[in-house]
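K.L.:
Take this structure first; my questions come after.
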Amino acid sequence: MNGTNELRNGKISTLLWKFSWPAVIAMLVNSMYNIIDRIFVGRGVGPIAIAAITVAFPIMLILMAVSVLIGVGATSLISIRLGEKKPEEAEKIAGNAALLLVLLPLCISIIYFLFSVPILTFFGASAEVLPYAKAFINIIMMASSLGSISMGMVNFIRAEGNPRMSMYTQVIGTLINIILNYIFVMKLGFGIRGSALATVCGQIFSSIWVLTYFLFGPSIIKIKLKNLKLHKNLVISIMSIGFAPFAMQLANSLQNTILNKALMNYGGDMALSSMGIIGSIATLMFMPILGISQGAQPIIGFNYGAKEFTRVKEALKKAVIAGTIIAVFSTAVVHLWPSQIANMFINNNPKLTQLTAHAMCIFFFMFPVAGFQIVSSQYFQAVGKPIQSTILGLSRQLFLLVPLLLILPRFWGIEGVWRTPPIADILSALITASVVFFEMKHIKENEKEQLQSNTFDSAIIEK
């Protein structure tokens, strides 16, 4: 059974497993980029280096946002076009997306290098942290397009029904990053610059891998020279569908900026270092759920395009269950061993360990609802409904988390910073539940219309 026939006729639970486990592993591996950076610089340089990467992280989130804007938007369109049996249109979308993944990060890098010091200061760098943050992010920005190509185009591989190759693309880059981080930081003493160099080297190898696959490999869709020119309608379509996760990442960058400033105001560099550790753990916890939702995306998108609405509902339900199980398990691990987790990043600093363990337990208190919230938001991307996806994507980070970060610390100090995420989690879950309820009503109506249409067609054939 080839990829598209399998998406149309295969058992949903089997398909979800087939597409999700490589996506989960790939997302976990992808999350290791930032985690490995912070572990090595934390133990090899010190807490000030963790604070520096924490300050630089909002800039990296902006680059990730561009990758998501193009990668997720194009993937949804590619899945739908393949479901409609229009492979040539899928290739045009892929070509436009590939070019955008090169051009947009270059523009961001130019802006950064023109205003690097005020940008890093805006994102929360103190006088002590600034030189470390600049040393790290300067190297990352020099290779911004390479990171976007590997991160964005890996989604295209999933869209054509080849999740294992998608996983391999991300695994190879992360393995190189881990090995070179150890060599550059721990053995050669390159410090925080060594960690950035290791990250860039991993991105170079991932980019070469994914480009080779689409240019010379066994891909269904090919990146062709004739498609490497921008078409206004395609660019608008890609960006409109990818806007929700893009806005979510930008909101995440804004949230991290406000969070950094609150941490500096109420807890200083130590609180910023603590948040760097918690942010790494949060990434590790979120990524498997995103892997589940990305694994479900081609199943949902293809069957939505093929008007197989019963299969769409089943895929969503099973993805939500899987995501919730992962969220509950992750929360349990964090609450059982917070100090041990913190000490992975810390070299003999009891005060930082104690602060991080305490903050971690509060920060992740309501994380179990994340499975439902994330998968549901990604569902609307898969079916090409950017408005609903944008509302759900921004509900936690922008509409709830940012205002709470501005208000709660005024009353509770640093404790208000730690208490903001669980309050935002439960409120955003309630918003998500209401939007999904109305969507399921709409899907039921589509099912009835499709059933009536099929019955009418059968009656005509019999006559």
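K.L.:
Looking at (i) 25, 57, 16, 1, 0; (ii) 16, 21, 19, 19, 12, 7, 3, 1, 0; (iii) 22, 50, 27, 1, which value of P(r) over Cα pairs in 20 Å bins from 0, in percent comes from a calculation on the structure shown?
P.N.:
(i)
K.L.:
Can you flag which of LYS18/LYS307; LYS134/LYS222; LYS11/LYS448; LYS85/LYS448 are past 28 Å Cα-Cα?
P.N.:
As for pairs spanning more than 28 Å Cα to Cα, those are LYS134/LYS222.
K.L.:
Quick one: Karplus J couplings for segment 194-210, per residue in order, coefficients 6.51, -1.76, 1.60, θ = phi - 60°, nearest Hz, x for Gly and Pro?
P.N.:
x, 5, 5, 4, 4, 4, 5, 4, x, 5, 4, 5, 5, 5, 4, 4, 6
K.L.:
What shape does segment 322-428 have by the C-alpha gyration tensor, where a ≥ b ≥ c are the square roots of the eigenvalues, rounded means a/c under 1.5, and otherwise prolate means a/b greater than b/c and oblate the rest?
P.N.:
Verdict is oblate for segment 322-428.
K.L.:
Tell me which trypsin sites (Lys or Arg not before Pro) from segment 19-95 have a DSSP coil assignment and no more than 14 other beta carbons within 10 Å of their own.
P.N.:
LYS85
K.L.:
Right, something else. Calculate the length of the line joining the C-alpha centroid of segment 81-144 to that of segment 379-405, in whole Å.
P.N.:
Segment 81-144 and segment 379-405 have Cα centres spaced 22 Å from each other.
K.L.:
Using the Cα centre of the chain as origin and beta-carbon charges of +1 (Lys, Arg) and -1 (Asp, Glu), tell me which of ALA247, ALA357, LEU15 is placed farthest towards the positive end of the dipole.
P.N.:
Of the options given, the answer is LEU15.
K.L.:
With just the Cα atoms defining each centre, how far is segment 243-293 from segment 169-201? Give it in Å.
P.N.:
Rounded to whole Å, the Cα centres lie 22 Å apart.
K.L.:
Apply the a/c threshold of 1.5 to the C-alpha gyration tensor of segment 3-230 and tell me whether it is rounded, prolate or oblate.
P.N.:
prolate
K.L.:
Where nothing but the Cβ of Lys and Arg (+1) and of Asp and Glu (-1) is charged, how large is the charge dipole of the chain around its Cα centre, in debye to the nearest 20?
P.N.:
Magnitude of the dipole: close to 380 debye.
K.L.:
Separation of segment 55-74 and segment 207-231 by C-alpha centroid, Å?
P.N.:
A separation of 21 Å, based on Cα centres.
K.L.:
Hey, another quick one. Say the dipole of the chain comes from +1 at the beta carbon of Lys and Arg and -1 at that of Asp and Glu; which of PHE136, MET264, LEU225 then lies farthest toward its positive end?
P.N.:
Among PHE136, MET264, LEU225, the one farthest towards the positive end of the dipole of the chain is LEU225.
K.L.:
Rounded to the nearest 20 Debye, what is the dipole magnitude of segment 303-462 about its Cα centre when Lys and Arg each give +1 and Asp and Glu each give -1 at the C-beta?
P.N.:
Dipole about the Cα centre, nearest 20: 460 debye.
No value in this document is a laboratory result; all are computed from the given coordinates. These numbers were taken from a predicted model, which means no experiment stands behind them. Here the Cβ is made from the backbone with ideal geometry for all residues, glycine too, and neighbour counts use every protein chain on show.
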